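As structure tokens, the structure follows; a few thoughts come after it.
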Amino acid sequence: MAAAIAVPLLFSCSHAADEAELFGRTKPEDYLTGRFNPVTHERFVCVNDAGVPTNEWRHYLRRETVTALAKMYADFRKAHPKAPFWVQSSTRSFNDQKAIWDGKWNGQRYAREKDPMHKALAILRYSSMPGTSRHHWGTDFDLNILTNEYYESGGGKVLYRWMTENAGRYGFCQPYTAGRKGGYNEEKWHWSYRPLAAALLGQWNNYFGRSVAAFSRTGLFSGSEIAGKLAPVFVNTISESCR
């Protein structure tokens, strides 16, 4: 099995240099909340071009994430030549996440939830509010099928077992594991590149963790004035391996 890849030295100079490394030419507040285009961002590259299988879409992640992901995929494929492995979801903008959230808020699935807070909590079992998703950062991606049941048998079980045993070697962790006290439900398909994501989580808390005003403004997204106050809890309730 390959050794762990080297972690990039992101914090070696001044605070300004640190932020330039993390955010590029995008304002920190905009980067952290997904208000930029990953296709044109100078720190992002296309997953497909690195030889990693995806669904029918072109997917973009941070360059460091893709480098580690390509190495991990190559080693997984050596160990399991026929097991399924593909990137199903990657970086999402604020507007991408808003479309997912608003679609669920206004759709039939959650129509029975008449109380706005109950509706928000039901959606938050698996979906983030716009501006609070780790998928904004270019560090997080979803694999294969987005149900936990898929990873309990067959090729899904092979993949999840290999990932839990080996992903840490390449810098990856599972943010939403079973047994956490709050936050999103378990997501066996969701993986994160910790060397970058941990730094970005710290920055998100620096900018937004002490105030919910950025996510509670009426009209920001459906139910924002109700759900926004929950942002710091759901952003920070992650597995210890991702801290």
### Pairs where the first residue, in the stretch 144-161, is touching a residue at least 60 places away in the same chain (Cβ under 8 Å) and the second is surrounded by fewer than 18 Cβ atoms within 10 Å (Cβ to Cβ) and aromatic (Phe, Trp, Tyr), C-beta under 7 Å, 6+ apart
144/86
### Query
Which of the residues belonging to the stretch 120-133 are in a helix (DSSP H, G or I) and of a type in the set (Gly, Ala, Ser)?
120, 122
### Query
Is it true that some residue in the stretch 202-210 is under 17 Å from residue 140 (Cβ atoms), surrounded by fewer than 19 Cβ atoms within 10 Å (Cβ to Cβ) and not hydroxyl-bearing (Ser, Thr, Tyr)?
yes
### Task
Take the residues in the stretch 234-243 that are touching a strand residue (DSSP E or B) at 6+ places or on another chain (Cβ under 8 Å) and either crowded, with 17+ Cβ neighbours inside 10 Å or at pLDDT below 95 (or both), then tell me which one is farthest from residue 185 (Cα to Cα).
242
## Note on the structure
Flagged in the stretch 188-206 as under 12 Å from the mean Cα position of the chain (by Cα) and more than 12 Å from residue 235 (Cβ to Cβ), in numbering order, are 189, 190, 191, 192, 193, 194, 196, 198
### Query
Tell me, which helices (runs of 4 or more DSSP H) wholly within the stretch 134-233 include 3 or more residues that are touching a helix residue (DSSP H, G or I) at 6+ places or on another chain (Cβ under 7 Å), under 22 Å from residue 18 (Cβ atoms) and at pLDDT 95 or above?
194-204
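Do we have any residue at all in the stretch 129-141 that's surrounded by 22 or more Cβ atoms within 10 Å (Cβ to Cβ) and farther than 20 Å from residue 232 by Cα?
Our first condition is that a residue be surrounded by 22 or more Cβ atoms within 10 Å (Cβ to Cβ); within the stretch 129-141, this holds for 129-141.
With farther than 20 Å from residue 232 by Cα added as a condition, the list becomes 141.
Within the stretch 129-141, one or more residues are surrounded by 22 or more Cβ atoms within 10 Å (Cβ to Cβ) and farther than 20 Å from residue 232 by Cα.
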### Task
Under 7 Å between Cβ atoms, at least 6 apart or on separate chains: pull out the pairs that start in the stretch 63-86 with a residue that is of a type in the set (Ser, Thr, Tyr) and crowded, with 16+ Cβ neighbours inside 10 Å and end on any residue that is modelled with pLDDT of 95 or more and part of a helix (DSSP H, G or I).
65/196
### Query
Would it be correct to say that residue 117 is exposed (fewer than 15 other Cβ atoms within 10 Å of the Cβ), part of a helix (DSSP H, G or I) and touching a residue at least 24 places away in the same chain (Cβ under 8 Å)?
yes
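The values are calculated or read from the model by the stated rules, or taken from the named source; none is laboratory data. None of these values were measured; they are calculated from a predicted model. Note that we place each Cβ from the backbone using ideal geometry, even for glycine, and neighbour counts take in every protein chain shown.
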